[in-house]
Amino acid sequence: MKSAFKFLLLFTLISFTLLGCKSNKEYPNPTNEFYVNDFANTLVPAVESTIVREGERLYDETSDDGEITGVQIVFATFAVENEINIAEYNLSDIYNQWEIGTDDMGILVVYFYVGDTNKPEDLVLSQVIIEIGYQMEIYLSPIEAGNILDDTIMTDMDESMATAQLLYELLTIVYTEVFGYEAFNYDMDEYQYYLDNYDEYSDYDDFWGWILYVVLSPYSVWWEKGILVILGLLIFGVGGGVVKNIGGGGRSGGMGIRRRR
């Protein structure tokens, strides 16, 4: 009888411990851009644009046999007051909530900044975590992900340049290992020039980009704004809406890598 009581007591303690460890934190939904979710407000527009454009391009890629498509690389930033607060974030839960990557072929990169959450300029990058989707684990191991972090964002390189190189290193893995490209070449010297000369109002080259230009740019003219108003009435007047980038339905089981800066 005493043994049964001890077992019941032990089971109860373990159950409450597990329940206590379960995170009840609510996470924000991804932004309309989906591929970049700068909740800490620390990424520069040029890097955000690069992440979105490369993400959209990658999502449209399909393997030669047509079996693999919808691969997604998503970046997110969060600001916390103390480093201990980072433990409140479960990257698998965020990945699964956002449903990154069709058939679990996705990668989530998260930057955690510590400091005054109301002053992005005073935040300090503390930790970077890469969460890997179930099927993506075949092509990107935690060791490889860790090496990429060590060679990019964990170095003394400028943070914007390091983030761009981190993205391109992940793209290299995906294009060569997943889609069988012989190589995926990028030039960081050219990217530095792009970063130094970036104009967020001239980087739009499609219909939605034109809309953003008209809304945001001080150089758009009155007749462009008039056309935009008419289009808005036609679209939203009949119940339409703006299409946004969305997740592909992927899941992650917790495989990933963490680096402390």
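Bear in mind that the values in this text are calculations on the coordinates, not laboratory data. Keep in mind it's a predicted model, so treat the numbers as computed, not measured. Heads up, the Cβs are rebuilt from the backbone with ideal geometry, glycines too, and the neighbour counts pull from every protein chain shown.
Sort Asp156, Asp151 by Cβ crowding within 10 Å, fewest neighbours at the top.
Values: Asp156 5, Asp151 14.
Fewest-to-most Cβ neighbours within 10 Å comes out as Asp156, Asp151.
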What order, most packed first, do the peptides 139-147, 168-176 have when packing is the mean number of other Cβ atoms within 10 Å of each residue? 168-176, 139-147
In nm, the gap between the two label points placed 7 Å beyond Cα toward Cβ at Asn29 and Val124 is 3.6 nm
Net length gained if the chain between Asp158 and Ile84 were fully extended (0.36 nm per residue, minus Cα distance): 24.1 nm
